[in-house]
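All remarks here apply to the structure that follows.
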Amino acid sequence: VSGFVDVCDAEEVVEGEVLSFPLDSVRLCLTRADGVLAAFDEDCTHRRCSLIDAEIDGTVLICPYHGAEFDLRTGAVLIGPATKPLPLYETRVVDGRVEVRLP
Amino acid sequence: VTRTFAIVGAGTAGGSAAITLRAEGFDGRVVLIGDEAHAPYERPPLSKGFLQGDETLDELLLRPLAFYAEQDIDLRLDDPATALDPQARRLALASGEAVRYDALLLATGGRARRLRVPGGELPGVHTLRTARDAERLRLDLLGGGRAIVVGLGFIGCEAAASLRGAGLDVVAIEPLSLPLVGALGPEVGAIVAELHRANGVELVLGESVVEFRGAERVDSVLTSSGRVIPCDFAVVGVGMDPAVELAAAAGIALDGGIVVDEHCRTSADGVYAAGDVAARPDRETGRALRVEHWQNALREGAHAARSMLGATDPYDEVPWFWSDQYDRNIQYTGFHGPWDELVFRGDPGAERVSAFYLKDGTVRACLAINSPRDARRAARLIRDRVAVDAAALADERTDLRALGA
């Protein structure tokens, strides 16, 4: 089972801004939504468009290209066109560093 | 007693309505009636990824076919509705079946317009609206050679980009002076023209096609200036006509489409309409407007479904659509209509720029090239009629979310 990997300083992740980290096993994105860290897959589940330019509105992520909306707390689709949930990854902060549990 | 909700039209609006009825817990009968062979699918990729062979029809389906059985949605494909009796609340289908309904949604969409010129029906003269259209066009695309695109609206522009992407020579003929000029004005039209020229499309502007020529199939077109342009096939993108025949014959009020109110109700009791076919009076001018966008079909279809279930909130989505051409993601949000000021945010010659259409100091529409966030953030300005400062809007350092907040 893969464990947590070190990603970045927690203070780099600011509210509503998306950071991207192309790792070996996953193209990871990080944001802070309503104060809470959220780690998710860079590819929208609708047409695989990049979510780096996604709009973050509270706990909602909006795909910039085709408008699908996801709940960043659960990954659930709120509004189509997407039908599959957005993969989320567990995060934790250790000594001021963000760690993400990868599959 | 089990209620029956019938939906005529199994496109995006109809499919979205059926999905929403079940998602909202409706446990009556849902009959979704379509005149195509496919379950509801997304049309936007037909001129883009599907045409280029990057996506299959299965990938475009709103929901997998199995979904409809799982959700107990009675999907009637390839069986157009032929008559509607709103008094008796009854539909007749081409198969001969009659469907009694308690509420009905008309989501009949429309048909691609053809050019009424000699040779307009020749093989090799394509329109592009359905999956079948796109499949046929793709066969010609695979043959290569030279394609003529007639009409540089969004479908024509996307078709030209996809054909260039497949390596074909493309000549595009547009009767107006610039692509998209009617909807977007000359400044943005010039940007789009340059985009296509830079990608190798030969633009023939200010000319129309007066004849398609060929014996067995099209082999050239004749333009209004007398020029003959040889081709292997042609794609005509000159708009669509809403499919109002069923409603018209039933005596339902029309005004360039099926007239609906903010709850998607038509003039007939128990009959609703949504999507490309529905025309709603504009808040300001009272003029009935149809919105031919995919997002509108999706959201208005869902809204109609909730209205059928008794919801009373009005439909207030700001129209939005995207167009992918070459390496550009182009998004438009807002209402078509006259504007008195055009404000660019960014350099109009750059790969990334947005244009804001203002009237009386408020944003009415935004066209964003490779700037999806601008389009997204403009939607609030448009919906709330926020008074904006043009200089602030033009300044890329201004956070659009902060304007008028």
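Results, tabulated for the structure shown:
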| quantity | calculated |
| --- | --- |
| Compactness index (Cα Rg / 2.2 N^0.38 Å), region A:27-84 | 0.97 |
| Summed side-chain charge close to A:THR59 - residues other than A:THR59 whose Cβ falls under 9 Å, Lys, Arg +1, Asp, Glu -1 | -2 |
| Approximate shape of chain A as ellipsoid semi-axes (Cα gyration tensor, √5λ), whole Å, largest first | 22, 15, 11 |
| Computed [θ] at 222 nm, deg cm²/dmol, chain B (DSSP H ≥ 4; -39,500 (n - 2.57); rounded to nearest 500) | -7500 deg cm²/dmol |
| P(r) tail fraction, region B:218-273 - alpha-carbon pairs more than 12 Å apart, % | 73 percent |
| Mean separation of Cα contacts under 8 Å, 6 or more apart, over the residue count of chain A: relative contact order % | 29 percent |
| Of every Cα-Cα pair in region B:113-210, the percent that sits beyond 17 Å | 50 percent |
| Fewest-first sequence of A:LEU37, B:LEU246, A:LEU61 by Cβ atoms within 10 Å of each Cβ | A:LEU37, B:LEU246, A:LEU61 |
| Length-normalised contact order of chain B in % [C-alpha pairs under 8 Å, at least 6 apart] | 15 percent |
| Calculated over region B:86-131: convex hull of Cα atoms, volume per residue (Å³) | 149 Å³ |
| Cα-based shape type of region B:1-159, given that a ≥ b ≥ c are square roots of the gyration tensor eigenvalues and the cut on a/c is 1.5 | prolate |
| Charged-residue dipole, Cβ positions (Lys, Arg, Asp, Glu), region A:56-103 about Cα centre, Debye nearest 20 | 140 debye |
| Radius 10 Å from Cβ of B:PRO123, net charge of other residues (Lys, Arg +1; Asp, Glu -1) | -1 |
| Choice from B:THR20, B:THR312, B:THR333 showing the highest fluctuation, given a GNM over chain B with Cα pairs closer than 10 Å | B:THR312 |
| Residue-count net charge about B:GLY145 - beta-carbon cut-off 15 Å; Lys, Arg +1, Asp, Glu -1 | -1 |
| Principal axis dimensions, the protein assembly as shown - Cα atoms, whole angstrom, descending | 75, 64, 52 |
| For B:VAL149, distant residues with modelled amide H under 5 Å away | B:VAL171, B:ALA172, B:ILE173, B:VAL235 |
| Sparse-neighbourhood loop sites, GluC sites (Glu not before Pro) in region B:99-198 - DSSP loop, at most 13 other Cβ within 10 angstrom | B:GLU121 |
| Most mobile of B:SER307, B:SER354, B:SER95 in a GNM of chain B (Cα contacts under 10 Å) | B:SER95 |
| Other-chain or far-sequence residues with amide H under 5 Å of B:GLU211's (modelled H) | B:LEU222 |
| Volume in Å³ per residue [convex hull over Cα atoms, computed for chain B] | 147 Å³ |
| Rounded Å value of the spacing that divides the Cα centres of region B:224-242 and region B:61-85 | 35 Å |
| Fewest-first ranking of A:CYS29, B:CYS264, A:CYS8, using other Cβ atoms within 10 Å as the exposure measure | A:CYS8, A:CYS29, B:CYS264 |
| For A:LYS84, B:LYS48, order by how many other beta-carbon atoms lie within 10 Å, fewest first | A:LYS84, B:LYS48 |
| Gaussian network model of chain B, springs between alpha carbon atoms under 10 Å - residue of B:ALA161, B:ALA183, B:ALA305 with greatest fluctuation | B:ALA183 |
| For region B:252-302, alpha-carbon Rg over 2.2 N^0.38 Å | 1.03 |
| Calculated P(r) tail over 21 Å for region B:139-284, as whole % of Cα pairs | 55 percent |
| For chain B, size of Cβ-based charge dipole, Lys and Arg +1, Asp and Glu -1, in debye | 300 debye |
| Inverse mean reciprocal Cα-Cα distance (Kirkwood Rh) of region B:244-367, Å | 16.1 Å |
| Alpha-carbon centroid distance for the pair region A:1-47 / region B:295-335, whole angstrom | 29 Å |
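All of the numbers you see were taken from the coordinates with simple rules; none came from a lab. Every value quoted in this text rests on a predicted model; they were computed, and no experiment measured them. Positions of Cβ are backbone-derived with ideal geometry, glycine not excepted, and every protein chain shown enters the neighbour counts.
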